[in-house]
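What follows is a short report on a single structure.
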Amino acid sequence: MKKDAKYEKILSVKNVLLEGLSMLIDFTISNYLSIKDEMIFSAETGERLTRLKKTNTTTENGIKLLKSLIIVGANGAGKSNLIDGLHLMKSMVRHNLATVNDTLPYHPFAMDNLDPHPVKMKIRFSYEQQTYRYEISFLEDHIVSEELAIIAGKRESLYFSRKNQEYSVLPDALKTVSEATRPNALFLYTAQQANDKVAGNVFKWFVNDLVFVGNNGIPNSLLKLLERPTVKVELIRFLRMADFNIQDVNVREVKMLALPDELKSLLTTLNHKQPKIPDTALQLFTVHKKYNRSGDVVGKMELPFEMESRGTRKILLIALTIINAQVNDNRKTIIIDEFDDSLHLELSSALMQVFNSDPNLNQFILTTHELQLLDSQLRTDQIYLMEKDFRGRSTLKSIFDFKDSKHVGRGDIGYMRRYIEGKFGAMPAIRVDQMLEVLQMGNPEHKEQGHA
């Protein structure tokens, strides 16, 4: 796609980037939902691949990383399960279970009848010029293993290592902390509570630098950003450059509807105390020009954010997320599931240019159904394909790993065309004739023809 001047302006939106990154290196997961066998999702660059090196890659702590990656696959292939697994790991790190009786979010691969096996997750990332490896495995009622290592070059130093409630490696200062860690709690959480610096750095990365763009409205933390005039100006400029006719945005506190007394009583019973329910909440409003019947501008009007189209809501959230990263020193790994949902191809392609631009130093991980994005100036190591076999097992492949992809750099054969031709697999096997036949089963005329 040729760069449209209108969208090229998006690239010029202020994006002052500070030194020092905090990026995902790789994530490994097994025995979770449709992911049975070990699945490795890596952001490291492919060996001896120099294409688009300046714009699409960066180097952190001596490790060459990709600025953006996309995961493509049919509906139900397992793309969201991979993202959910990473989100679950963040949630477990961030939120400790309240009591020893609470159960862990154990959702193993369910398509066989084997004895329970742990869900396993492992992650490598950089934070403040340091590289870490952190991994956990767990069943419903306890943490089976937990390990944290500090990586310097090719050398790795274990910081702590735990099997059930036994610690084979443990700093002396954290011995008391380990004794206070419950079987169903992560030691990392209790260690950072005890103000351990290493555990605290890992905790901060998960909480602050691993960012998920959801579909459930805009978080208060992003809405509060709009209290800054400079942020507001930048957001409006971004939206205008993306061809959205939004003149302004306003954030106000609005009164919440009061809960019925019966519901309050039920919540009190469940929580064993009176729940704290806010009387007000922040709400975003977009401002548009108002026209008369002749097409003349006669004023302005506000719309609640919820009344905007899905595409407008999505681009607002993405734009605020990018600006938030900029305001907070960038250093973010930003994950957007169903990236292309409700976005015009021109806009999603323009955003891909932003993600892979030279000044951008954040990292973006996207899932998509939009095949044309495969030809958005991407390297082979930036494209992952997800598919599911007849046993319900999801598998993940990088186009870089296909022998054919290393030898077909011709500009006249794009990745999308080769994907559609089945060169890389991961294409849905759709039987239109059989789908039509199923729909006709209840048709009286169909039954009269002897097909009932």
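The values are calculated or read from the model by the stated rules, or taken from the named source; none is laboratory data. Since the structure is predicted, the reported quantities are computational estimates derived from the model, not experimental observations. Cβ sites come from the backbone with ideal geometry, for glycine too, and all protein chains shown count toward neighbours. Protein only, heavy atoms only, side chains kept; ligands, DNA and RNA dropped before computing areas. Shrake-Rupley method; radii C 1.70, N 1.55, O 1.52, S 1.80 Å.
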Could you look through the stretch 339-356, keep only residues that are modelled with pLDDT of 90 or more and outside any helix (DSSP H, G or I), and pick out the one that is surrounded by the fewest Cβ atoms within 10 Å (Cβ to Cβ)? N356
Exactly one of K90, K64, K53 is in contact with a strand residue (DSSP E or B) (Cβ under 7 Å, 6 or more places away or on another chain) and open to solvent by 50 Å² or more (accessible area, probe 1.4 Å), and that residue is K64
Quick one: N245 ticks every box in (1) surrounded by fewer than 16 Cβ atoms within 10 Å (Cβ to Cβ); (2) not assigned by the TED database to the domain that holds L88; (3) not in a loop (DSSP other than H, G, I, E, B) except a single one, so which number is it? (3)
The listed residue being farther than 30 Å from R310 by Cα, in the same structural domain as S68 (by the TED database) and open to solvent by 70 Å² or more (accessible area, probe 1.4 Å), out of N208, N184, N201, N164: N164
Going through the stretch 121-140 one residue at a time, which ones are open to solvent by 10 Å² or more (accessible area, probe 1.4 Å), modelled with pLDDT of 95 or more and more than 19 Å from V169 (Cβ to Cβ)? L139, E140
Among the residues of the stretch 357-375, which ones are surrounded by fewer than 24 Cβ atoms within 10 Å (Cβ to Cβ) and either in the same structural domain as I318 (by the TED database) or under 15 Å from M23 (Cβ atoms) (or both)? N360, L361
For the structure I just gave you, tell me whether I336 is out of contact with any strand residue (DSSP E or B) (no Cβ under 8 Å at 6 or more places or on another chain) and surrounded by 23 or more Cβ atoms within 10 Å (Cβ to Cβ). no
Looking only at residues that are of a type in the set (D, E, K, R) and open to solvent by 60 Å² or more (accessible area, probe 1.4 Å) in the stretch 215-237, which one is farthest from E253 (Cα to Cα)? R237
Given the structure, is G73 within 15 Å of F109 (Cβ to Cβ), among the small types (G, A, S) and surrounded by 22 or more Cβ atoms within 10 Å (Cβ to Cβ)? no
